[in-house]
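So the structure is just underneath, and the comments pick up after that.
The values are calculated or read from the model by the stated rules, or taken from the named source; none is laboratory data. Bear in mind the structure is a predicted one, so any value in this text is a computation, not a measurement. With ideal geometry, Cβ positions are generated from the backbone for all residues, glycine too; neighbour counts draw on all protein chains shown.
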Amino acid sequence: EKIAESKTFDQMVFLVERICGICSTSHPIANCNAVEEIAGIEIPERAKYIRSIIGEMERLHSHLLWLGLAGHFIGYNTLWMWAWKYREPILELFEAVTGNRNHYAMMKPGGVRRDIKEEDIAPLLKGLNEAEKKIGMLTKAALDDPVLAARLKGVGVLSKEDAIAYAAVGPTARASGVDIDVRRDEPYAAYGLVDWQVITQEGGDVLAKTVVRLLECFESIKIIRQCLERLRKVKGEIAVKVKEIPPGEGIGHHEAPRGETFHYVRSDGSNTPVRLKVRAPTYVNLPTCKVTVPGESVADATLILASIDPCYCCTERIITINKKTGRRELTGEDLLRLCRKKTERIRRKLEK
């Protein structure tokens, strides 16, 4: 945030893109929305579709990344490998369209930096069709597995009331029956121009969060398809020329894979921002662990923390140091081992 004050508004977009290495386009979209609000800019329709395409492709790869890690935590390494295998073609599509597998550098105040050309659309649609089939098989295999269902159901329940009280966002909130999504509630880019549904579940447990993310993948594919088809019809510029940013304040947000990413930007009329404030979704989702972790087994702690898809260093590391008091020390490896052992106990019980 402090570094942004020494950057131009255009440079700030490249800076915020590096806040997250997984959902790297979420912060640029939110940031551009904030700057465009200050300047009163309406981006071209073609740019709206391209922003939504990039945003939803990112949701696809992020959700598959999370599913693989969830499988790894509970000892389902086959699920881990298959999820990441199906994620790889999504990253290849990113590279074909943007030139990068991550940090795509597509967003700019006033629109986007690169177009999606006509010759790119057919390969993208083909890749999406293949991804949809693979994700469909993966979803069926995951949700029909009795061990997986027994391992995730009833674990780390976040009630609807607690989700609202903690202001949870994204799949964490929607899995508890909170019907919120910035893309629908305060439309931006092309989300108000295409047909799609907000996915919710009522269970509030890890299983519900898994279902929400898997089903959201199909909604993302639906959105991308529609946007690509519209690009064949909508011609014109992909950005408007931004000469200067006037004094003022702006807020921008984007429904990132983890939930709402929020940016506040203040301008004094110069070519650099006076203030940037960022609120990432983990900031509001992480405190929900105060109600989802107590009362659960230590073997479930890693899984519950992972279920919110937290974006912070050393997610799985917890340690109590002072052995003189007789307190037990747990490392990340200890927690991972306990989590997998519980899965194995459930498997053996169901096989009897």
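Listed by first and then second residue, the pairs with beta-carbon distance under 7 Å, at least 6 apart or on different chains, first residue in the range 129-145 and more than 13 Å from Thr210 (Cα to Cα), second exposed (fewer than 14 other Cβ atoms within 10 Å of the Cβ) and at pLDDT 90 or above, form an empty list. Residue check: is Ala167 under 19 Å from Leu286 (Cα atoms), surrounded by fewer than 20 Cβ atoms within 10 Å (Cβ to Cβ) and either of a type outside the set (Ser, Thr, Tyr) or touching a Pro at 6+ places or on another chain (Cβ under 9 Å) (or both)? It is true that Ala167 is under 19 Å from Leu286 (Cα atoms), surrounded by fewer than 20 Cβ atoms within 10 Å (Cβ to Cβ) and either of a type outside the set (Ser, Thr, Tyr) or touching a Pro at 6+ places or on another chain (Cβ under 9 Å) (or both). Report, by residue number, each residue of the range 65-113 that is buried (at least 17 other Cβ atoms within 10 Å of the Cβ) and β-branched (Val, Ile, Thr). Passing the criteria: Ile74, Ile90, Val97, Thr98, Val112.
Name the residues in the range 259-281 that are over 20 Å from Glu244 (Cβ atoms) and touching a helix residue (DSSP H, G or I) at 6+ places or on another chain (Cβ under 6 Å), would you? Scanning the range 259-281 gives Gly259, Glu260, Thr261, Pro281. For His27, the conditions (1) over 17 Å from Ala256 (Cα atoms); (2) in contact (Cβ under 8 Å) with a residue 40 or more places away in the chain are fulfilled apart from (1).
Going by the conditions given, is Ser159 under 20 Å from Ser307 (Cβ atoms) and surrounded by fewer than 19 Cβ atoms within 10 Å (Cβ to Cβ)? For Ser159, the condition - under 20 Å from Ser307 (Cβ atoms) and surrounded by fewer than 19 Cβ atoms within 10 Å (Cβ to Cβ) - is met.
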